[in-house]
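The values are calculated or read from the model by the stated rules, or taken from the named source; none is laboratory data. Values in this document were obtained by computation on a predicted structure and should not be read as measured data. Note: ideal-geometry Cβ built from the backbone for every residue, glycine included; neighbour counts use all protein chains shown. Protein only, heavy atoms only, side chains kept; ligands, DNA and RNA dropped before computing areas. Shrake-Rupley method; radii C 1.70, N 1.55, O 1.52, S 1.80 Å.
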Amino acid sequence: MLMNLVPSRGLAATTTALGLLLLSASGFALNLDQPTFVDDIAPILHENCASCHQPEEIAPMSLRTYGEVRPWARSIARAVENREMPPWDADPGYGPWANDISLSEDEITVITRWVASGAPRGEGEAPVYERPAEQAEWAFGEPDWVYEFDSFDVAADGPDQFAMIPIAPGFEEDRWIRAVEVQPGDREVLHHFILWRASEASTEVQDAWIDAWAAGVGATELPAGTARFLPKGRGLLGDFHYHPNGTASTDRTRIGVWFAEPEEVEKELVNLWVMNAAFRIPAGDPNYEARASHVFSQGVVVRSLAPHMHYRGKDMKYTAHLPDGEERELLSVSRYDFNWQTSYEFQEPVELPAGTRIEVTAHWDNSAENPHNPDPTVDVTWGGESTDEMLIGFVDYVAAEGLRPKPAGAVLTKLAELAKTHPGQAWRFDVTPMPGRGIEPTAILLPRDGSSGGWYVQLGTLALPAPIVDIVWDGNHVTATAEIPGQPRKIEGTVQEDGSLLMDLGFGEITGTPAENETPATLPTG
C-alpha cells in the first residue's frame, strides 16, 4: 500500500497582456510559441520529475540533462498529456488539494509543443539537475526513537516482493507521534513502505496508519497541534513493497520517530478505514462494484482521503451523505493505480456533522483486458496478498470537539451504518466470538438481493467480517453459509413479527435485534 505524501508546490499561472508568456508554478516564463529545453522544459522537469528520475532512485530513466531527456521526449509528452506523470490520479474539480503535484495545463501544453517542434535545446548553458545537498542525518534533528529493520534480500528479477514485519517498541507509557522519517536502505528497489500501528488483538494485524514513504517523499511532520496516538505496550508493523530492478540487492531500512508532549497535542489525527471485506469479484467481470460506508457518531473535521485497492482496482469515489439529506462528493479517482496510491490532503479541511455517512464506491476490472490482472479466471475476495483484493477508503480526521473522538464500539458503529445502507437486512447478535472472550456484540448482514453478506466481529478498532454466501430468502425465512475461517457452517433463521431474527448459528438458536435499534445517538461514548 502507498500514500504519496508530497509537499504542495502551488499551480497558479498568470497570463501576460500579450497572452503569449505564462508564469508557471515555479515562477519562470513559459514560451508557448517556441519552447526550448533550456528556457522552458528543464525547470519543469527539474522541479517535478528529476527527484525520482535520477541514479539511485526508482524511476526507470534519468532526466537531469538535455542529453538524458532528449531520447525520451516523445514518451515524456505522452505521459504528461495522458496525466500518467507526475503520478496524481484525483479527477479535476475536487479539492483543492494541499499536496497536488499534477502539472498545470500550461506546463502540459508547453511540453507537448516542445516535443512537436523537434525538442530543441535552446541557446545558452543547459541546466543540469543537482541532487539537493546532503542535510543532517535526520530531517528534524536526532529522533526520539530509531528502529532499524533486519536486512532483506531482494531478488534481481521476478515478481514484486512484499514483507510485513512486526515491531515491538516496548513503550511503557502512551506516546504521541508528531513526525516520522523513513530512510530506505536501497531506494532503487524499495517501491514503498508503510508504518502501521498494530491491533491490540494481534501484533501481525494492521490497526491504523502511522506514516508512509515512496520515491521522492521526504520526512513527514504532521500538522501543528495534531499527532498519531500509540497506546503503551502497542506494537508497530513495517509494510514493505519491493520492485526488482535487474540487480540483486539487500535492503536495510530504518525509521526515526519524534514524539510530542501530551500538552502539545490539540487533536489526535485519526486514521479511519471505511471498508468492505465481504465482496466476491466474479472471474472475468470488467466492472464489478462494491460499496463501503461509515456513520460518524460525532462531528468531525476531515483532513485527507486515500483510496486503496490492489491490482484489479479501477476507480473509487467518496461521497458524504449529511443528516439533512445533502450529498457532497469529496473525491473521485477514475483511473486508480496500485503502483501510485496517494493521500489527497484538503487545503481547507472538511467539517462534517454527527450522523454523516461517508460512502465509498469502488469498481474492479477482473477481466483479461486488464494488463495488471494476476489471473482473470478466478473469483477474487478480500485478502492480504496483492493478488487478493481490498476495498478501503482511508480517512484522516480529527474530532470537531475535544482532543480525541469519543470511543464507540466498531461493531455497534457498523450496525448503525447497516441500518442505513441495508434496512431490514442486518441484526445484532450477542455471542462469544472466540474462545477466551466474553459475550460481545456481533453484526450479521443478510442482503435480500442475492449479494454476499457478512458476520462482523470486533478486532482491535475494526469490525471485520467473515463472508456469508449462498443466501436464500423465502419470505421471512433465510438460509446461508457463514465462511468462518477453519469452520464454515450453515445458518438458518426466521424474521419475527417485531423485526428480530430467530437464528440457528450452529450452536443453538439465538435472537438477533434489528440494526435499526443501533443509531449514532445510542452508541456508547467515553
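What do you reckon, is Gly95 at positive phi, at pLDDT 85 or above, crowded, with 17+ Cβ neighbours inside 10 Å and not hydroxyl-bearing (Ser, Thr, Tyr)? Spelling it out, Gly95 is indeed at positive phi, at pLDDT 85 or above, crowded, with 17+ Cβ neighbours inside 10 Å and not hydroxyl-bearing (Ser, Thr, Tyr).
Scanning the stretch 382-396 for residues that are under 13 Å from His310 (Cα atoms) and either modelled with pLDDT of 90 or more or not hydroxyl-bearing (Ser, Thr, Tyr) (or both) yields a total of 10.
Mind checking whether some residue in the stretch 346-356 is in contact (Cβ under 8 Å) with a residue 40 or more places away in the chain and touching an Asp or Glu at 6+ places or on another chain (Cβ under 6 Å)? Checked against the condition, which is being in contact (Cβ under 8 Å) with a residue 40 or more places away in the chain and touching an Asp or Glu at 6+ places or on another chain (Cβ under 6 Å), the stretch 346-356 yields no hits at all. Tell me, yes or no, whether the stretch 260-282 has at least one residue that is surrounded by fewer than 16 Cβ atoms within 10 Å (Cβ to Cβ), small (Gly, Ala, Ser) and not in a strand (DSSP E or B). Looking for residues that are surrounded by fewer than 16 Cβ atoms within 10 Å (Cβ to Cβ), small (Gly, Ala, Ser) and not in a strand (DSSP E or B), one finds none in the stretch 260-282, hence no.
For the stretch 472-521, the candidate set comprises residues that are in a helix (DSSP H, G or I) and open to solvent by less than 80 Å² (accessible area, probe 1.4 Å); within that set, the residue that is farthest from Leu446 (Cα to Cα) is Pro520.
All of Arg428, Arg448 fail the test of being assigned to a loop (DSSP other than H, G, I, E, B) and not aromatic (Phe, Trp, Tyr), apart from Arg448.
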